[in-house]
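The values are calculated or read from the model by the stated rules, or taken from the named source; none is laboratory data. For clarity, every value in this text was computed on a predicted model and none was experimentally measured. As a convention, Cβ positions derive from the backbone with ideal geometry for all residues, glycine included, and neighbour counts pool all protein chains shown. Remember, those area values only see protein heavy atoms, side chains included, never the ligands or the DNA or RNA. Shrake-Rupley method; radii C 1.70, N 1.55, O 1.52, S 1.80 Å.
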Amino acid sequence: MTTETAAVPASPAAPGAPLLEVTDVRKHFPGRSVGLLGRRSNPVKAVDGVSFTVHQGETIGLVGESGCGKSTTGRVVSKLIEPTSGSIRYEGRELAGLRPGQMRPLRREIQMIFQDPYSSLNPRHTIGTIVGSPFHIQRTKPEGGVKKAVQGLMERVGLNPEHYNRYPHEFSGGQRQRIGIARALALRPKLIVCDEPVSALDVSVQAQVVNLLEDLQSEFGLAYLFIAHDLSVVRHISDRVVVMYLGKVMETTDRDTLYESPMHPYTHALLSAVPIPDPTVESRRERILLTGDLPSPSNPPSGCVFHTRCPKYRTQLSETERERCRSEEPVLEEKRPGQSVYCHFAEARTDLIDGEADLPTTSGLRETRPRSAA
């Protein structure tokens, strides 16, 4: 049996070009067999035309409610699953369609931190084996040997290097996530996909892990695709934010614009649900409720996929405007400089989050950093 080792076709990226460019990516899973005749249901459109870019050293926050396709997007970007269609360009090189042997060299540069620190580590392997596995898989010999490199990584992420021979069950949830971070960092990647890396942790530990990720980003120039549903953490760590709903991008812009002047009705609803720790301010805020359940990704609504739950559609539009929402699908277009929205009747609102100080932050998070120049 032979191993594919063909070189990856390269098209060097121009100076200032994105590190990662995702264009119209779709991931549709086959429908399941139903009925006595075994007919297949419609394919599940988990990701349906997603586009965004990530620059070197930048953090892109990917947010949305459960089932919106954000984790599938992360797995497609990291090539853990193959996209159905679309383009994924990393430093000018097309990743979609690459065979495993062609993708292997790029695995060093694109890594992933998983959501569940309990299931993402092999319970039969020691921490030294887990963190050292990238070196063995990539046949890389770090200076001083694998053990020295692994212990250095453990120390860098806040673990005791003397625990090299311990097993995952001997560590807490926060420590296990640090092990996952050390494993992702081993080969010095340029891009790390963080799939809700703090959602399974205690609140006090979340801040420690987020602060660690920021320190590592500053030290190694990492770019993050940070998938989360906690809008407070996303605002703290992100430079730009992508909002997803039912496999599609609803809105994308820089962090401050999204939180201070969002335009999509879905973003309005998400931000209105963020609690503010000032009872006086909280009592004056409008809570925007989404009616109904999330539609099935195998049978999305016609026209705008959000119209069945959209409060603007329900209370503010004329029948002619509603018909447009039902029959004509919007496109993600730039409504204001740097702010693109998937909506026929987008409208900016500035009354949802009243200033930086009013937004709750996880205890222990450092002061929100300025946006990167990217």
Inter-site label distance for Y167 and E94 at 7 Å from Cα along Cβ, in nm: 4.7
Candidates T315, T53, T126: whichever shows maximal mean-square fluctuation once the chain is modelled as a Gaussian network with Cα springs under 10 Å: T315
Å³ per residue enclosed by the Cα convex hull of the range 235-297: 105
Rounded to 5, the percent of DSSP beta bridges in the chain classed as antiparallel: 65
Unit charges on C-beta of K, R, D, E only; dipole of the range 219-359, Debye: 460
Student exercise, the chain dipole from Lys, Arg, Asp, Glu Cβ charges, in Debye to nearest 20: 1560
Ellipticity estimate at 222 nm from DSSP helix runs (n ≥ 4, -39,500 (n - 2.57)) divided over the chain, nearest 500: -8000 deg cm²/dmol
Summed side-chain charge close to K27 - residues other than K27 whose Cβ falls under 14 Å, Lys, Arg +1, Asp, Glu -1: +3
Share of carbon and sulfur in the accessible heavy-atom surface of the chain [1.4 Å probe, %]: 49
Cα coordinate range in the chain, projected on the principal axes (Å, largest first): 70, 57, 51
The range 57-126 and the range 305-352: distance between their alpha carbon centers, rounded to Å: 31
Under-5 Å amide H pairs with G61, H placed in peptide plane, nonlocal only: F226, D239, R240, V241, V242
Leading residue at positive end of dipole, the chain (Cβ point charges), from C310, S283, S41: S41
Efficiency of FRET between E286 and E321 - r from beta-carbon atoms, R0 25 angstrom, step 0.05: 0.70
Long-range tail of P(r) for the range 21-145 (Cα pairs > 18 Å, %): 65
Links that overshoot a 24 Å alpha carbon limit, given the list K79/K190; K27/K312; K248/K312; K141/K190; K45/K70; K79/K148: K27/K312; K79/K148
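Could you order S272, S120, S204 by accessible surface area, starting with the largest, using a probe radius of 1.4 Å?
Greatest to least solvent exposure: S204, S120, S272.
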For L121, solvent-accessible area (1.4 Å; no DNA, RNA or ligand), Å²: 10
Measure of compaction for the range 163-298 (Cα Rg per 2.2 N^0.38 Å): 1.24
Rounded accessible area of K335 (nearest 10 Å², 1.4 Å probe): 70
Accessible area per residue, Å², the chain with all protein chains present, probe 1.4 Å: 47
Assigned charges on the beta-carbon of Lys, Arg, Asp, Glu; the range 32-94 dipole about Cα centre (debye): 380
